[in-house]
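Encoded as C-alpha cells, the structure appears first; notes follow it.
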Amino acid sequence: MEAAVRRTVASHALAAVGMSLPWPLLVLLVWERAGDGWVLGLAGAARMLPYVACSWAAGRLADRCARDRIVRLTIVARVVLLVAVAGSLAVGATWAALAAATVAIAAATPAYPALAAAMPGLAEDRSERATGLLVTVEVASFVVGPAIGGLLLAGSTRPLVPWAAVACLVGAHLLFDGVRLPAARAGERDAEQTGVVAALRASAALRGAVAVVALVNAVAAVVGLVLLPLLGDGVDFGVATGALGMGALGGPLLGRVGDRWRVGVRTWLLLLAACLALVVVASSLWAAVPPLALAGAAAVQVETAATATVQVAAPDRLRSTVLGLTDTAMVAAALVGALVAPTLAELLGPHVVVALAACLTLAAVPLVRRPVVRVPVEQRVPQYS
C-alpha cells in the first residue's frame with residue numbers, strides 16, 4: 001500500500017478518534033450540571049444529529065470542490081473548534097463546550113465521504129483493502145475514542161482530555177499534509193445531466209447498499225442497548241458492549257478471510273444474523289462474548305462492501321453525495337434504533353428483541369445487488385455470495 005494511502009487512513013484514524021475523545025467528559029459534565037435524564041439524552045444525541053442533518057449536503061460539497069482541500073479545511077476547522085471546547089471547559093462553560101463540540105462534528109461531516117469517494121483513484125488496485133481499513137477506522141473510532149476519553153476521566157488527567165483531542169487533530173493535519181486526492185471527473189455525461197435521486201432510481205445496487213447499511217446500523221444500535229437488560233449487570237454489560245464495539249477492529253482480518261474464500265456482503269449478513277442468534281441462546285456472558293465480537297467484525301464488513309458498491313456503481317461526480325446520503329441514513333437508523341430499543345425490550349423481553357434483530361438482518365439479504373459498472377473500473381468489483 002502506497003505511502004499516500006497509509007497517511008490518509010492514519011490521518012483519518014487520528015482525526016476520528018480525536019473527535020470522539022471528549023464526549024464522555026462532556027456527557028459527564030452535563031449530567032453533573034443538569035442531573036436530568038432528558039437533558040443527558042439530548043447531550044448524547046448532539047454527537048449524532050450533525051451526521052443526520054449535514055452528511056448528505058457535506059457529500060455534495062465534496063463532489064463539487066477539490067476533495068483534498070475539503071479534508072484539510074475540515075481538519076483545520078475541527079482544530080479551532082476543539083480549542084474552543086478546551087477553552088470553554090477551562091472556564092467552566094459546559095454548555096458552550098457542548099455547542100462547540102457539536103459544531104465540530106458538523107464540520108467533520110464532509111471528510112469521510114470525500115475520502116471514501118477518492119479512495120478508488122488514490123489506492124487503485126488496492127482500493128478494496130484501503131476502503132476496508134478506512135471503514136474500520138470510521139466505525140471503530142466511535143468506540144475507541146470514547147474508551148480513551150473514559151480512561152482519562154480520573155481527576156488528575158481530566159483537564160487533559162480536550163487537549164488530547166486537539167493533539168489528535170493536529171497530528172491528523174500533519175499526516176495529511178501533502179496528500180493529493182483525485183478530483184471528481186468532470187466529463188461524465190450522466191453525472192452532469194442527472195442528480196443523486198436519479199442515480200439512486202437507476203441503480204438497484206445503490207439503493208440496496210444504502211438500505212443494507214441503514215438496517216445493520218439500526219440492528220447494532222438496538223442490540224447495543226438491549227445488552228443491558230439481557231445480561232442484567234453493569235459490569236457484564238460493559239464487557240459485552242466492549243466485545244461488540246472492539247470486534248469492529250477485527251473487520252480487516254475477517255475481510256482477508258473473506259477474500260480468500262471469495263465471499264461477500266450476503267455472507268456477512270448471514271454471519272451477523274447467526275452471531276445474534278447465538279447471543280440469544282448464550283447461557284452466560286462468556287458464551288455471548290465471542291459471537292458479539294464476531295458480529296462487530298461482520299457489521300464492519302457489511303459496511304465495507306456497501307461502500308465498495310457505492311464506489312463502483314455511483315458516477316464519480318456523485319460518489320461523495322451518495323456516501324454522504326448513506327451516512328445520513330445509517331446514523332438516522334441508529335438513532336431510531338436507540339430510541340425504540342428500551343421500549344421494545346420492556347414490552348417483548350430482551351431475548352425476543354435480539355432475535356428480531358437477527359431476523360431484520362436476514363431481511364436485508366434480498367436487498368443486495370451486484371453493481372453495474374458504467375465507468376472504467378477503478379477497483380475490483382466486490383464479490384457477492
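The values are calculated or read from the model by the stated rules, or taken from the named source; none is laboratory data. In this text the structure is predicted, and so the values were computed from the model without any measurement. Because the Cβ atoms are built from the backbone with ideal geometry, glycine has one as well, and the counts that use them run over all protein chains shown.
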Confirm whether residue 17 is farther than 22 Å from residue 320 by Cβ, touching a Gly at 6+ places or on another chain (Cβ under 8 Å) and at pLDDT below 90.
no
Which of (1) over 29 Å from residue 339 (Cα atoms); (2) modelled with pLDDT of 90 or more is the odd one out, the single condition residue 95 does not satisfy?
(1)
Being at pLDDT below 85 and of a type in the set (Gly, Ala, Ser) is the filter here; which residues of region 133-155 pass it?
140, 147, 150, 154, 155
Can you tell me which residue in region 1-56 is surrounded by the fewest Cβ atoms within 10 Å (Cβ to Cβ), limited to those that are over 22 Å from residue 117 (Cβ atoms), in contact with a Ser or Thr (Cβ under 6 Å, 6 or more places away or on another chain) and not hydrophobic (A, V, I, L, M, F, W, C)?
33
Any residue that is modelled with pLDDT of 85 or more, closer than 29 Å to residue 88 by Cα and surrounded by 23 or more Cβ atoms within 10 Å (Cβ to Cβ) - is there at least one of those in region 187-210?
no
Considering each of 61, 40 in turn, give the residue that is part of a helix (DSSP H, G or I) and more than 20 Å from the chain's Cα centre (by Cα).
40
Would region 131-145 turn up any residue that is touching a Cys at 6+ places or on another chain (Cβ under 9 Å), surrounded by 20 or more Cβ atoms within 10 Å (Cβ to Cβ) and among the polar types (S, T, N, Q)?
no
When you scan region 240-262, do you find a residue that is of a type in the set (S, T, N, Q) and within 21 Å of residue 361 (Cβ to Cβ), even just one?
yes
Among the residues of region 255-276, what is the count of those that are surrounded by 18 or more Cβ atoms within 10 Å (Cβ to Cβ) and over 22 Å from residue 369 (Cβ atoms)?
2
Filter region 57-69 down to residues that are surrounded by fewer than 23 Cβ atoms within 10 Å (Cβ to Cβ) and under 17 Å from residue 172 (Cβ atoms), then give me how many there are.
2
Conditions first: (1) part of a helix (DSSP H, G or I); (2) in contact with a helix residue (DSSP H, G or I) (Cβ under 8 Å, 6 or more places away or on another chain); (3) in contact (Cβ under 8 Å) with a residue 60 or more places away in the chain. Residue 153 passes all but one, so which condition is the exception?
(1)
